[in-house]
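The values are calculated or read from the model by the stated rules, or taken from the named source; none is laboratory data. What you see is a predicted model, and the numbers here were worked out from it, not measured in a lab. Methodologically, a virtual Cβ is constructed for each residue, glycine included, from the backbone with ideal geometry; neighbour enumeration extends over all protein chains shown. Calculation scope for accessible area: heavy atoms of the full protein, side chains included, ligands and nucleic acids excluded. Shrake-Rupley method; radii C 1.70, N 1.55, O 1.52, S 1.80 Å.
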Amino acid sequence: MRRARADRIGIVLAAAMLLAPAHAPAQDSKTADRKSIGLKSIDKLLGEGRYADAERDARTAVAEAGAKHGAGSFEVANAMDALVKALALGGRSASAETPSLARRAVEIKERTRGPDGRQTALSLVNLALVLKESGAYAEARPLFERAQRILEQPGKAEDPALLACINNLAQLLQSSGELDEARKLFERVLAVRE
């Protein structure tokens, strides 16, 4: 009974977070990077549920970024993140390619943006989501926790990336039966959203 109630609470809290208005990120050089290699259009395709089209465009973006900036560039890592999202949303989280690409994006961002850089944290969340979807909870959890530590900055409690990270960690904890911990994290996210 307690688990069923906690599952319902988790679903309601996750839905509430998804329905809450998102805060628009500030325009910066990273946004310009997304535009220059067509990642905004990939995001749009993903939002429309056109995963095969997004995958095709993301593969092209990876190739173009590699040709223009080099295979180990930040731009390639961003394009890889988009490809990972397309593959995962297209139901291919468990394929060998998806976590491999996600790991490579993390490696590149750790090298180009530092192990504690915001962009590294975003790729860590991407990898953790892929692992969570394929049932590798024990491997995903420390990645979510590391990303959370990186994203937690004074005065940034409403950061949408941080809230999404915490929400995903809460869902993972809920799925692995750690209901009290999951509830605390869901409540934290809702407190900020209210």
Handout entry: Options Asp81, Asp116; residue that is touching a residue at least 40 places away in the same chain (Cβ under 8 Å) and acidic (Asp, Glu)
Key = Asp81
Handout entry: Residue identified as touching a residue at least 40 places away in the same chain (Cβ under 8 Å), over 25 Å from Ala54 (Cα atoms) and charged (D, E, K, R) among Glu158, Glu145
Key = Glu158
Fill in the blank from the handout: In region 58-75, anything open to solvent by 10 Å² or more (accessible area, probe 1.4 Å), of a type in the set (Gly, Ala, Ser) and in a helix (DSSP H, G or I) is listed as Ala63, Gly66, Ala67
Practice task
Kindly indicate whether Ala121 is modelled with pLDDT of 95 or more, touching a Phe, Trp or Tyr at 6+ places or on another chain (Cβ under 7 Å), outside any loop (DSSP other than H, G, I, E, B) and surrounded by 24 or more Cβ atoms within 10 Å (Cβ to Cβ).
Solution key: no
Exercise for the section: Name the single residue, out of those in region 76-118 being of a type in the set (Gly, Ala, Ser) and surrounded by fewer than 17 Cβ atoms within 10 Å (Cβ to Cβ), that is nearest to Leu45 (Cα to Cα). Expected result: Gly91
Handout entry: Verdict on Arg193 being within 15 Å of Asn126 (Cβ to Cβ), in contact (Cβ under 8 Å) with a residue 12 or more places away in the chain and either basic (Lys, Arg) or open to solvent by 20 Å² or more (accessible area, probe 1.4 Å) (or both)
Key = no
Problem - Unique residue being over 23 Å from Leu83 (Cβ atoms) and at pLDDT below 95 when the list is Glu158, Glu133, Glu145, Glu178 - result: Glu158
Exercise for the section: Determine whether Lys68 is charged (D, E, K, R), farther than 22 Å from Ala161 by Cβ, modelled with pLDDT of 95 or more and touching an Asp or Glu at 6+ places or on another chain (Cβ under 9 Å). Expected result: yes
Handout entry: Verdict on Arg141 being assigned to a loop (DSSP other than H, G, I, E, B), surrounded by 17 or more Cβ atoms within 10 Å (Cβ to Cβ) and not polar (S, T, N, Q)
Key = no
